[in-house]
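Data first, discussion second: the structure below is written as structure tokens.
No lab work stands behind these numbers, since they all come straight from the coordinates. Note that the structure is predicted; figures quoted are calculated from it, not measured. Cβ atoms come from the backbone with ideal geometry, glycine included; neighbour counts cover every protein chain shown.
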Ligand SMILES: Cc1ncc(COP(=O)(O)O)c(C=O)c1O
């Protein structure tokens, strides 16, 4: 009999039957207040009626239309809709399936656009589990241990919002990006890492970051 | 480059997390909240930057799946129509204030971090070290009491609160009362 990898352990005992808004219902009919949202994914709640209707309608007309073979209407509509919400000037979009793939795509584009190999990341960030994304991740050794060699060309800068307790104390310095600037294609940061607060000092620190001269 | 995978689509109480910091990225990543659960992500850049991608560097069998795209369009509409960015800011402020008030009552809870509906409570032991064991006990107890949360941090010392952007005032209050009960039981 097949079973899940022992590494795929669930953090809670819940076996979900259905979800509605911020609630998960299990098979015994118990309801659980879901403040995880699938790690921040179910933005409109579980099974928002409008999202369900749109997906159901699409399932009945076209499920898969490989996007470098044919164009499909949902892709055209989504590209237009993102144009309304993306920051001004960021109007060219590439689509992938997961956060890690987006990290890989950003890495690849930065290197190809600049011709420079190095990436500066900020201490404490999580960018995913594929080799490139894991190489840029510094939120825990467990995400990058045991499958070396990782991708070279990643330079870690101290982050102003590091914890002041434990082993990471004493790193409240300015980021030293200039040291590696000539080879550096881009800097990558998460606007707010899950564990750290916005403080006025972190905002000032971010504002001091400057493009390479 | 800015990684908006988790911070995008209203999560932090602004549409993009970068708005809190006045950032203007050359390349931006997005994923998670875009499609309410369907797997779709991507990057955005200016035409000038994106046109520097080499031939053959972008493609993929399953990317931009039609059902995921349709769900994403509907998600963006719901975020707009239901004012979910403003709701994330308001409910986030309510949740943060409540978590801070509860934190006052327990020595082991030393900080409440985050923006909007992306919050974390940090546990510290008597010696001032990050306390992953206490965070884990709180997380497990909360789950048993019907409140599902996440943990993270270098030492597993944080318990995270990251509900859907549609969460109501009553639901936030309900979570806060379950959280206070949890801390009373485990600390
Ligand atoms: C900021 C950030 N970047 C990247 C990722 C990786 O996304 P995925 O797990 O979809 O590959 C995550 C996932 O938690 C994330 O929070």
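Please find, in a Gaussian network model of chain B (springs between Cα atoms separated by less than 10 Å), the residue of B:33, B:114, B:17 whose mean-square fluctuation is greatest. Residue with maximal mean-square fluctuation among B:33, B:114, B:17: B:114. Averaged over the residues of A:145-154, the number of partner chain Cβ atoms lying within 10 Å of the residue Cβ comes to 0.
Of the beta bridges in the protein assembly as shown, as assigned by DSSP with both residues counted there, near 70 percent are antiparallel. Using 0.36 nm per residue and subtracting the Cα-Cα separation, the extra length available between residue A:156 and residue A:11 on full extension is 49.2 nm.
Relative to the longest principal axis of the Cα atoms of chain B, the long axis of helix B:66-81 lies at roughly 60 degrees. Look at the stretch A:47-59: the mean tally of other chain Cβ atoms within 10 Å of its residues' Cβ atoms is 6. With respect to chain B, whose longest principal axis is taken over its alpha-carbon atoms, helix B:169-186 is tilted by about 50°.
In terms of surrounding Cβ atoms within a 10 Å radius of their Cβ, A:71, A:1, B:118 rank from fewest to most as A:1, A:71, B:118. With contributions of -39500 (n - 2.57) from each DSSP H run of at least four residues, the per-residue ellipticity at 222 nm computed over the protein assembly as shown stands at -10000 deg cm²/dmol. Result for chain B in a Gaussian network model with C-alpha springs under 10 Å: among B:21, B:38, B:123, the largest mean-square fluctuation is at B:21.
Using a Gaussian network model of chain B with C-alpha springs under 10 Å, which one of B:70, B:103, B:86 is most mobile by mean-square fluctuation? Looking only at B:70, B:103, B:86, the largest GNM fluctuation is found for B:70.
Relative to the current alpha-carbon distance between residue A:64 and residue A:148, full extension at 0.36 nm per residue lengthens the span by 26.7 nm. Going from the fewest other Cβ atoms within 10 Å to the most, the residues B:69, A:47 appear in the order A:47, B:69.
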